[in-house]
Amino acid sequence: MENFFDDDKYFSSIEDLIEDYFDGDEEQVKALEEGWTLKVELSELEPMFKLDADELDKLLHNSNEERYSEDGDEGRKIKEALNECIDFEKLNSSIPKMYYPTKKFVTLTKQDLLDFIN
């Protein structure tokens with residue numbers, strides 16, 4: 001199994017978990033109680049964020065609020081300009097990706113760790 005979280009701690013593999021929690025010591029793993037389990041959260045590789053004209057307009061508006069008129073009609077024109085000038089698909093495909101929790105959980109057992117070691 002790869003790329004999961006235990007609470008907020010990210011692990012790229014069971015090997016990383018064994019190294020972190022048991023200092024890589026196989027004997028410590030073998031000494032675990034037979035009923036030992038650890039509930040971990042799966043993860044997916046996702047862009048850090050995704051931008052579109054609406055989101056970018058909000059960011060620009062929030063950082064330049066004093067420059068907008070009371071009715072805020074400039075937002076529509078700004079969104080049109082952003083859509084015309086920016087290839088959002090290309091931009092979003094270039095944004096760095098990281099592993100993020102999915103709210104899907106699995107339970108690791110002592111046997112899972114032993115299977116990895118062997």
Exercise for the section: Pick out the one residue from Ser94, Ser69 that is over 28 Å from the mean Cα position of the chain (by Cα) and farther than 14 Å from Leu56 by Cα. Expected result: Ser69
Practice task
Keeping to the stretch 1-36, report how many residues are surrounded by 13 or more Cβ atoms within 10 Å (Cβ to Cβ) and touching a residue at least 12 places away in the same chain (Cβ under 8 Å).
Solution key: 16
Handout entry: Tally, over the stretch 43-87, of residues that are part of a helix (DSSP H, G or I) and either in contact (Cβ under 8 Å) with a residue 40 or more places away in the chain or of a type in the set (Asp, Glu) (or both)
Key = 8
Exercise for the section: Test Lys104 against the stated conditions and say whether it is surrounded by 13 or more Cβ atoms within 10 Å (Cβ to Cβ), of a type outside the set (A, V, I, L, M, F, W, C), within 30 Å of Ile18 (Cβ to Cβ) and assigned by TED's automatic domain parsing to the domain that holds Leu38. Expected result: no
Practice task
Please determine, by comparing only the residues of the stretch 24-52 that are within 26 Å of the chain's Cα centre (by Cα) and among the charged types (D, E, K, R), which one is farthest from Leu113 (Cα to Cα).
Solution key: Asp52
Exercise for the section: Evaluate the stretch 6-18: report whether one residue or more is outside the structural domain of Ile117 (by TED's automatic domain parsing) and assigned to a helix (DSSP H, G or I). Expected result: no
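The values are calculated or read from the model by the stated rules, or taken from the named source; none is laboratory data. Remember, it's a predicted structure, so these values are computed and weren't measured experimentally. For neighbour counting, all protein chains shown are included, and Cβ atoms are generated from backbone atoms with ideal geometry for every residue, glycine included.
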